[in-house]
Each structure stands twice: as structure tokens, then as C-alpha cells.
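This is the structure I want to talk about, given as C-alpha cells.
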Amino acid sequence: MPDQYTEVTKVGYGNRIMGSFGGIFMGILLFLASFFMLYWNEGRVDVGNIAQKAVEINATEQAGEWEGQLVAASETTGRQPVFEQWRLFGNT
């Protein structure tokens, strides 16, 4: 069996604190950068124009002729909306 050894190093309290502050700084930087990236990505495409080009179909019917196209599917369930079923704040 070959000789083995283990090297033990100690990290000082100051180095651990500085590492923590570095992590906090990077987290804040990434958080702020995410807002820029979101603005940049959403500003590239006009979603309103794309939505106007969508074909409206009923969600329960099979629409093979719309294969490969952008569709807006909708269907009513015949039930009341959930917010009307709830009795909020004791109002009946």
C-alpha cells in the first residue's frame, strides 16, 4: 500500500467573511443583471402583433387544418368562475 498523507489547511475568519461578502455581491449583481436581460428579451418581440395573427379555435374540437400555425384555444367549462364560488370576507 503506497504511503498516503492528508494535508489540512485552515482558513481564517477574515477570509471566510470576505468570501461571504463576495458571494453576496455576486448575487446582487446577478439579480440586477436579470432585470436588464428581461427588458432586453421582452423588448425584442412585439407580442401584441403576434397575438393578432393567432387563429382562435375551440379547445374541444380537433383542428387538423391549423397544424403548425399559432392558435388561441379557449373553452368554457359551464361552471361558475372560481372567484364567484368563494365567499370572501364573509359575504354571501
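Being loosely packed, with under 10 Cβ neighbours inside 10 Å, closer than 18 Å to Ser74 by Cβ and either touching a Ser or Thr at 6+ places or on another chain (Cβ under 7 Å) or among the aliphatic types (A, V, I, L, M) (or both), is that true of even one residue in the stretch 34-45?
Checking the stretch 34-45: not a single residue is loosely packed, with under 10 Cβ neighbours inside 10 Å, closer than 18 Å to Ser74 by Cβ and either touching a Ser or Thr at 6+ places or on another chain (Cβ under 7 Å) or among the aliphatic types (A, V, I, L, M) (or both).
Going through the stretch 24-68 one residue at a time, which ones are in contact with a Leu (Cβ under 9 Å, 6 or more places away or on another chain) and not in a helix (DSSP H, G or I)?
Matches in the stretch 24-68: Lys53, Ala54, Val55.
Scan the stretch 50-66 residue by residue and report those that are surrounded by fewer than 10 Cβ atoms within 10 Å (Cβ to Cβ) and modelled with pLDDT under 80.
Across the stretch 50-66, the qualifying residues are Thr60, Glu61, Gln62, Gly64.
The values are calculated or read from the model by the stated rules, or taken from the named source; none is laboratory data. These numbers were taken from a predicted model, which means no experiment stands behind them. Please note: Cβ atoms are built from the backbone with ideal geometry, for glycine as well, and neighbour counts cover all protein chains shown.
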